[in-house]
1. Taking ARG55 and the conditions (1) within 18 Å of ARG97 (Cβ to Cβ); (2) buried (at least 20 other Cβ atoms within 10 Å of the Cβ); (3) within 10 Å of ligand 2 (Cβ to nearest atom), which numbered condition does it fall short on, given that it satisfies the others?
2. Taking ASP130 and the conditions (1) out of contact with any strand residue (DSSP E or B) (no Cβ under 9 Å at 6 or more places or on another chain); (2) modelled with pLDDT of 60 or more, which numbered condition does it fall short on, given that it satisfies the others?
3. Is one or more of the residues making up region 84-96 under 11 Å from the mean Cα position of the chain (by Cα) and under 16 Å from SER6 (Cα atoms)?
4. If PRO109 meets every condition in (1) under 21 Å from PRO3 (Cβ atoms); (2) within 13 Å of ligand 2 (Cβ to nearest atom); (3) not charged (D, E, K, R) apart from one, which number is that one?
5. If you go through region 73-85, how many residues are touching a Cys at 6+ places or on another chain (Cβ under 9 Å) and open to solvent by 20 Å² or more (accessible area, probe 1.4 Å)?
6. Check ALA67, ALA98 and return the single one that is buried (at least 22 other Cβ atoms within 10 Å of the Cβ), within 15 Å of ligand 1 (Cβ to nearest atom), assigned to a strand (DSSP E or B) and in contact (Cβ under 8 Å) with a residue 40 or more places away in the chain.
7. Any residue at all in region 19-31 that's within 29 Å of TRP112 (Cβ to Cβ) and among the aromatic types (Phe, Trp, Tyr)?
8. State yes or no: is THR108 at pLDDT 95 or above and of a type in the set (Ser, Thr, Tyr)?
Amino acid sequence: MHPCLSCGACCALYRVAFHWLEAAPEYGGRVPAALTEPLDGHRLVMKGTKHRPARCVALEADIGRHARCTIHADRPGVCREVAPSWEFGAVSPQCDRARLAHGMLALTPADWTRPVLPATAMTVHAGSNDDDPPPLPAAPAAA
Ligand code: SF4
Ligand code: SF4
């Protein structure tokens, strides 16, 4: 399982700010405007992330157990830019900081090299997949 699907920490730590054009459909923006609020003259934020403690309104999660971005296909660009640590062979400071802030360990290269188990084996794998969310790749946020 992708580590983000059992995490969600970055979506519940950082301010998620981006240019208002990203929520303007007339200019091709796809972020649902109703889930945003103004930050300044040029930027919006995802609701829930303007102040601490932050938690994005689009996050459906039990942090550290399961997590899902409910607007994954239309999430802001800034959310797409934060990679989980070691997914692409490098540390992601924002990922590490968010996980540590939520009491989790930072990801390691080993988190990406575990064998993919067949579906029948996964049902009895430690941690149980019974309450896993649908396999939508969640992506992190940062500000
Ligand atoms: S990028 Fe890191 S902090 Fe964010 S959800 Fe994925 S694993 Fe968690
Ligand atoms: S990926 Fe972005 S929009 Fe989706 S829940 Fe996380 S912070 Fe919110």
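1. Looking at each condition in turn, ARG55 falls short on (2).
2. Condition not satisfied by ASP130: (2).
3. Yes, region 84-96 contains at least one residue that is under 11 Å from the mean Cα position of the chain (by Cα) and under 16 Å from SER6 (Cα atoms).
4. Here PRO109 meets the rest and fails (2).
5. So the count comes out to 2.
6. After ruling out the rest, the residue left standing is ALA67.
7. Checked against the condition, which is being within 29 Å of TRP112 (Cβ to Cβ) and among the aromatic types (Phe, Trp, Tyr), region 19-31 yields no hits at all.
8. On the way: at pLDDT 95 or above: yes; of a type in the set (Ser, Thr, Tyr): yes.
Yes, satisfied.
The values are calculated or read from the model by the stated rules, or taken from the named source; none is laboratory data. Note that this is a predicted model, so its numbers are computed, not measured. Reconstructed Cβ throughout: ideal geometry from the backbone, glycine too, with neighbour counts over all protein chains shown. With ligands, DNA and RNA removed, areas are computed over all heavy atoms of the protein, side chains included. Shrake-Rupley method; radii C 1.70, N 1.55, O 1.52, S 1.80 Å.
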